[in-house]
1. Can you pull the one-decimal nm distance between simple spin-label points at R25 and R266, each 7 Å off the Cα toward Cβ?
2. Between the range 85-104 and the range 153-179, what is the separation of their alpha carbon centroids in Å?
3. Ignoring ligands, DNA and RNA, please state the percent of accessible area on the range 28-96 from carbon and sulfur, probe 1.4 Å.
4. Among the complete DSSP H segments of the chain, which ones combine at least 18 Å of alpha-carbon extent along their axis with a mean Kyte-Doolittle hydropathy of -1.0 or more?
5. For the range 206-329, treating each Cα as an identical point scatterer without solvent, what Debye log10 I(q)/I(0) comes out at q = 0.12, 0.15, 0.18, 0.20 1/Å?
6. Whole angstrom only: what separates the Cα centroid of the range 1-71 from the Cα centroid of the range 301-328?
7. Report the label-to-label distance for D197 and V275 in nanometres (one decimal), using points 7 Å from each Cα along the Cα→Cβ vector.
8. log₁₀ I(q)/I(0) of the range 71-141 at q = 0.12 Å⁻¹, via Debye over equal Cα point scatterers, no solvent, to two decimals?
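The values are calculated or read from the model by the stated rules, or taken from the named source; none is laboratory data. It should be emphasised that the depicted structure is a prediction, and the values quoted were computed from it without experimental measurement. Reconstructed Cβ throughout: ideal geometry from the backbone, glycine too, with neighbour counts over all protein chains shown. Quick note on the areas: whole protein, heavy atoms, side chains included, nothing else; ligands and nucleic acids left out. Shrake-Rupley method; radii C 1.70, N 1.55, O 1.52, S 1.80 Å.
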Amino acid sequence: MAVALPVADPVAAMQRELRALAEERDAVILAHNYQVPEVQDVADFVGDSLGLSRQAADTAAGTIVFCGVHFMAETASILSPQKTVLLPDLGAGCSLADSITAQELRVWKAEHPGAVVVMYVNTTAEVKAETDYCCTSSNAVKVVEHIWREHGDDTEILFGPDMFLGAYVERVTGRRMTVWMGECHVHAGIRPSDIADVREAYPGAEFLVHPECGCSTSVMEYVAAGDVDAGGVHMLSTGGMLAHARRSDADTFVVATETGMLHPLRAEHPGKRFVAANEAAVCGYMKMITLPKVLAALRDGGDAYTVRVDPELAERARLPIERMVAIAP
Ligand code: 13P
Ligand code: SF4
């Protein structure tokens with residue numbers, strides 16, 4: 001009788017090769033929570049935008065392999081200009097970052113003299129260089145409150161580029177800003193009707209909602225109307241969702257964000273149920289990063305994978321990021 005030979009696992013083999021190469025090349029592998037599972041599983045750190053920025057700034061490694069999208073790798077390079085930053089696919093962009101250009105921001109600022117500009121980190125280096133403060137989904141409220149405290153209650157804030165995050169910050173602070181009408185196509189696609197459907201299917205579930213979502217405003221309205229228990233709704237960054245699931249006693253969670261987020265939640269809590277608010281909420285840009293591409297980036301390096309930011313531009317773009325980190329360390 002023929003003896004069945006063990007089938008080699010090509011994913012595990014690639015992951016082993018990648019780990020060995022990372023050691024040999026003094027490289028750290030950072031992965032966003034939306035990355036495909038096999039990339040998350042091989043990374044040194046998996047996290048949200050703010051957490052990964054911190055890791056990029058603090059790492060002692062000479063090379064950062066950034067498994068995420070272009071603006072994130074650019075932010076890593078701005079914070080660590082002496083390090084080599086590799087993005088396994090330089091075409092991995094972001095529809096939200098594309099929704100405002102530096103020229104558009106300059107025109108907007110000229111129309112609002114004296115206003116303070118707050119931009120989400122999902123922006124290009126050129127836009128950051130025109131920005132006073134950066135923020136992420138986890139610290140946007142803190143950053144905006146800081147500005148009113150430090151610059152005065154009458155200060156006009158130009159907030160962008162995400163209109164849903166802007167509306168969320170306005171709702172929490174109870175104050176108006178001037179908000180850019182940009183959006184992320186993935187999060188904007190999670191609609192109020194999605195929430196209505198899953199509410200019916202999973203009564204009693206907790207809602208973990210990313211503030212970029214097109215449904216975020218309506219979820220807050222359900223809460224205000226008493227249709228959804230306020231205690232069961234949590235507007236969170238991707239890192240905040242993980243932290244919340246650790247604290248909560250609930251056994252079922254509806255997750256309103258990019259579906260990659262289900263992997264770290266399920267891996268950490270095998271006994272709990274995590275359901276996507278919309279299964280189609282998949283970021284094609286994030287999914288452009290594959291294990292073979294990560295391996296090729298680290299093995300071959302060079303112009304095909306390296307993210308470079310002009311030093312003078314990087315210096316201007318660093319200031320709003322550093323201001324953000326000082327407010328929300
Ligand atoms: P956070 O991971 O900071 O919540 O951001 C989500 C996002 O949309 C990144 O593209
Ligand atoms: Fe950009 Fe949206 Fe993709 Fe995040 S999910 S990288 S905001 S397009």
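1. In this crude label model, R25 to R266 measures out at 3.0 nm.
2. Measuring centre to centre over Cα atoms gives 23 Å.
3. Carbon plus sulfur share of accessible area: 49 percent.
4. 10-24, 311-327
5. -0.68, -0.92, -1.06, -1.12
6. 22 Å
7. Distance between label points: 1.2 nm.
8. -0.36
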